[in-house]
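Values in this text are rule-based calculations from the coordinates and carry no lab data. Since the model is a prediction, treat every value here as computed from it, not as a measurement. When we count neighbours, we look across all protein chains shown, and the Cβ atoms used for this are built from the backbone with ideal geometry, even at glycine.
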Ligand SMILES: CC(C)(COP(=O)(O)OP(=O)(O)OC[C@H]1O[C@@H](n2cnc3c(N)ncnc32)[C@H](O)[C@@H]1OP(=O)(O)O)[C@@H](O)C(=O)NCCC(=O)NCCS
């Protein structure tokens, strides 16, 4: 399958998207376009070149800030003592049930995009919300670690992202 990633737009069939999470289906169908129009989230979809209206999966990115004290001490020691530090947020990520294996491709595209943009708007990590234990295990596979006390919030430092993205190219 030849696929590509592009911003969510009118030609994409949002109604046909069906992932394992009802709330992530509803978000894509009813809220994602409004969020993008209001500059609250940048929403990217993965599509098959042969069927470009079919959404294989999607993810959304936003600007974010982390509290210095939420980061592990070993990370804090290498950072300036600013109370809040810049990060990117991967608020949602999901793939359609028809496309197993697309999850890691979506995540790698989000990591690549975050890394490239961080050269222009600094970001020290990508933070993600793992909505349940399965999502937490998925993110752990790529090296994400828990951020602060919230068991659902994970992060991956930009240095690790650079290594992952570098390995891919
Ligand atoms: C989580 C999700 C994106 C994973 O997509 P996927 O296409 O199954 O992921 P991949 O097959 O690319 O998996 C990558 C790795 O994570 C592991 N993984 C994926 N889902 C897992 C789960 N539920 N439990 C344990 N491991 C899991 C895979 O085994 C794989 O590991 P491997 O490389 O060692 O084999 C997908 O199940 C989904 O869309 N779920 C509903 C939405 C959701 O939970 N989003 C997460 C953030 S809110």
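Tabulated data
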quantity: The chain: angle of helix 102-117 to the longest principal axis, Cα-based, in degrees nearest 10; calculated: 50 degrees
quantity: Exposure proxy order (Cβ contacts within 10 Å, fewest to most) of 3, 27; calculated: 3, 27
quantity: Sorted peptide list for 17-23, 55-61, criterion being average Cβ within 10 angstrom, highest first; calculated: 55-61, 17-23
quantity: Alpha-carbon centroids, segment 28-44 and segment 54-132: separation in whole Å; calculated: 17 Å
quantity: Cα long-axis angle, helix 158-168 against the chain (0 to 90 degrees, to the nearest 10); calculated: 50 degrees
quantity: Calculated log₁₀ intensity ratio I(q)/I(0) where the Debye formula runs over C-alpha points of segment 110-151, q = 0.15, 0.27, 0.29, 0.34 Å⁻¹; calculated: -0.43, -0.97, -1.03, -1.19
